[in-house]
Amino acid sequence: MAIEWAVVGEVAKPLFGALVGALGKSWAERKPKVITFYGSVSTHEVRLPGQDPFRVFTHEVVVRNIGKKPAKNVRLPHLNPPDYFVRPPTQYAIEPNPSTGSSDIVIPLMVPGEEALVSYLYQPPMKAHDVNLPIKHDDGFALVKDVHLQPKLPVAVERTAAALVLLGLGTMGYMLYLGVRAALRFAGWP
């Protein structure tokens with residue numbers, strides 16, 4: 001049974017075109033991608049000499065640009081702006097938003113890979129969900145990630161896992177090669 005290369009070429013053309021198009025789109029649409037996640041939410045009881053103890057709440061919001069382009073005008077809106085602290089020190093401004101009655105912490109530019117952490121301090125009856133509104137930037141909304149802390153694995157374990165993955169990929173590639181070779185022999189190729 002002979003292979004009709006004209007048919008193979010006709011089938012390969014749209015597949016190759018789709019691959020080139022997907023790669024071109026990925027390269028051309030380099031844009032910022034802002035993610036956010038919430039750090040520890042805590043309650044603290046403060047005892048000052050000569051005063052009754054009182055409670056304060058804290059939480060952290062981490063904002064990171066994991067995209068390929070700078071994110072412009074990253075806005076962290078607040079319904080009831082509490083006390084806050086931004087780290088690492090970065091340029092930002094506070095802008096009131098009359099349409100929602102909130103105020104925004106605005107970071108004018110976040111380069112790719114840049115991260116900002118905003119720590120909040122507030123008193124009851126305000127809770128964490130009463131403080132923050134959805135975070136946005138000029139190209140859209142930040143994607144909220146659910147983050148769980150886990151211990152870091154030892155370097156030896158990470159390297160062993162990477163070696164096993166590479167071994168598995170090599171084995172799969174070799175099996176694919178053997179399958180193609182067997183199919184070609186079955187089709188009458190030498």
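What is the order of SER102, SER42, fewest Cβ neighbours within 10 Å to most?
On the way: SER102 17, SER42 12.
Fewest-to-most Cβ neighbours within 10 Å comes out as SER42, SER102.
Give the calculated FRET efficiency between ALA6 and LEU166 to the nearest 0.05, with a Förster radius of 35 Å applied to their Cβ-Cβ distance.
About 0.40, to the nearest 0.05.
Which entry in (1) 95, 43, 26; (2) 57, 34, 27; (3) 60, 53, 39 matches Cα extents along the principal axes in Å derived from the coordinates of this structure?
Working out Cα extents along the principal axes in Å from the coordinates points to (1).
Run the simple label-point estimate for TYR177 and TRP27 please: 7 Å along Cα→C-beta, distance reported in nm.
Computed distance between label sites TYR177 and TRP27 equals 2.9 nm.
If each residue's Cβ is checked for other Cβ atoms within 10 Å, how do TYR177, TYR38 rank with the fewest at the top?
Listed from fewest to most nearby Cβ atoms, that is TYR177, TYR38.
Please give the net charge around ASN80, taking every other residue with its beta carbon less than 12 angstrom from that of ASN80, where Lys and Arg add +1 and Asp and Glu add -1. Could the numbers behind the result be given before it?
Numbers: positive: LYS127; negative: ASP83, ASP130.
Cβ neighbours under 12 Å give a net charge of -1.
Please arrange TYR122, TYR174, TYR84 by how many other C-beta atoms lie within 10 Å of their C-beta, fewest to most.
In increasing order of surrounding Cβ atoms, one gets TYR174, TYR84, TYR122.
What residues from the range 33-47 fall in the zone where the backbone N is under 18 Å from a label point 7 Å along the Cα-to-C-beta line of GLU158?
No residues fall inside that zone.
Hey, with R₀ at 30 Å, roughly what FRET efficiency would LYS68 and GLU45 work out to, going by the Cβ-Cβ distance, to 0.05? The partial results should precede the final answer.
Numbers: r = 45 Å, r/R0 = 1.52.
Rounded to the nearest 0.05, the efficiency is 0.10.
Given charges of +1 on the Cβ of Lys and Arg and -1 on the Cβ of Asp and Glu, with all other atoms neutral, how large is the dipole of the chain about its Cα centre, in debye to the nearest 20?
The dipole of the chain has a size of about 640 debye.
Where a number appears in this text, it was derived from the coordinates with a stated rule and is not lab data. None of these values were measured; they are calculated from a predicted model. Note that each Cβ is placed from the backbone with ideal geometry, even for glycine, and that neighbours are counted across all protein chains shown.
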